[in-house]
Amino acid sequence: MSDISRCDNVQQFYDQLADKYHQIFADWRSAVVAQGRILDDVIRRYVSKDKLSILDCSCGIGTQAIGLALKGHQVSASDISAKEVERAQAESKSFGVEVAYRQADMRQLAFEVPGQFDAVISCDNALPHLLTDADLNQAVKSMWAKLEPGGLLLVSIRDYDGLGDQKPKLGSTGVFQETDGMRARFQVWEWHDGETYTVHQFLLEQEGRDWATSHYETTYRALKRKTLSELLSQAGFTGIEWLMPEQSGYYQPIVVARKAL
């Protein structure tokens with residue numbers, strides 16, 4: 001399978017999931033506010049400027065972009081999925097914030113997103129969708145190009161340093177009570193080797209005595225922290241630092257790095 005086919009599959013995955021993406025969360029709107037607060041706190045450890053220009057280059061339906069806009073930042077956002085960008089635009093209006101959205105591949109930011117920014121972020125394990133070193137290199141170099149000198153990169157991924165060895169079969173699960181019934185989510189992880197795995201995302205909604213089931217699948221690379229740190233260093237980033245959830249309050253490990261002045 002060619003790299004571009006993989007990219008097309010990622011786009012298809014999120015296009016299909018866009019309308020139901022919020023169901024992955026117990027309460028998506030609360031998560032928007034909470035993640036914005038946490039990420040704002042982390043960013044302000046490294047940047048003292050009050051109002052930052054921030055690019056979220058894997059924005060999805062706007063979870064982090066909207067949250068950071070609520071904290072007063074000037075946020076631009078992009079995603080490979082046109083459907084998710086469309087929904088993110090609508091959700092931004094529902095929160096009463098302005099975010100400049102566009103469809104863009106994170107590997108092509110230098111060509112598809114204008115300007116440079118005080119910070120570039122990519123959260124929710126988006127970067128490991130890129131399965132080869134070549135694609136990862138292209139993405140981190142593209143992020144580097146979008147930063148002002150001295151700018152901050154912030155990326156979150158799953159904790160693959162343990163997961164790659166354990167190779168769990170079951171991912172995120174949850175059951176939630178809604179006003180009109182119950183809903184549930186769970187993931188089945190199909191490991192191909194120690195490096196890649198396919199996630200089967202199941203969303204279930206109660207309809208009277210029956211349940212409607214939706215299934216989506218996509219493939220990730222189990223990207224170790226050392227590997228990503230080396231790729232960031234090769235791309236020209238400095239001050240590379242990892243923050244674990246107990247240090248940041250965020251639910252995934254975060255790596256921060258600087259574009260040298």
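The values are calculated or read from the model by the stated rules, or taken from the named source; none is laboratory data. On a predicted model such as this, the values are computed, not experimentally measured, just so you know. FYI the Cβ positions are ideal-geometry reconstructions off the backbone, even for glycines, and counts take in every protein chain you see. What goes into the accessible areas is simple: the full protein's heavy atoms, side chains included, and nothing from ligands, DNA or RNA. Shrake-Rupley method; radii C 1.70, N 1.55, O 1.52, S 1.80 Å.
Tabulated data
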quantity: Residue in region 216-233 that is out of contact with any Leu (no Cβ under 8 Å at 6 or more places or on another chain), within 21 Å of residue 11 (Cα to Cα) and not hydroxyl-bearing (Ser, Thr, Tyr) present; calculated: yes
quantity: Spans of helices (runs of 4 or more DSSP H) in region 138-257 with at least 2 residues under 24 Å from residue 35 (Cβ atoms) and open to solvent by 50 Å² or more (accessible area, probe 1.4 Å); calculated: 245-248
quantity: Which numbered condition residue 61 misses (of (1) open to solvent by 20 Å² or more (accessible area, probe 1.4 Å); (2) hydrophobic (A, V, I, L, M, F, W, C); (3) within 13 Å of the chain's Cα centre (by Cα)); calculated: (1)
quantity: Selection count where residues are surrounded by fewer than 17 Cβ atoms within 10 Å (Cβ to Cβ) and of a type outside the set (Val, Ile, Thr), scope region 26-45; calculated: 10
quantity: Region 110-131, residues that are in a helix (DSSP H, G or I) and among the small types (Gly, Ala, Ser); calculated: 110
quantity: The listed residue being under 22 Å from residue 135 (Cβ atoms), modelled with pLDDT under 95 and of a type outside the set (A, V, I, L, M, F, W, C), out of 164, 208, 236, 181; calculated: 164
quantity: Any pair with Cβ under 6 angstrom, 6 or more apart, that starts in region 30-41 at a residue that is closer than 17 Å to residue 120 by Cβ and ends at one that is basic (Lys, Arg); calculated: 36/71; 40/71
quantity: Pairs where the first residue, in region 190-201, is charged (D, E, K, R) and the second is part of a loop (DSSP other than H, G, I, E, B), C-beta under 7 Å, 6+ apart; calculated: 195/222
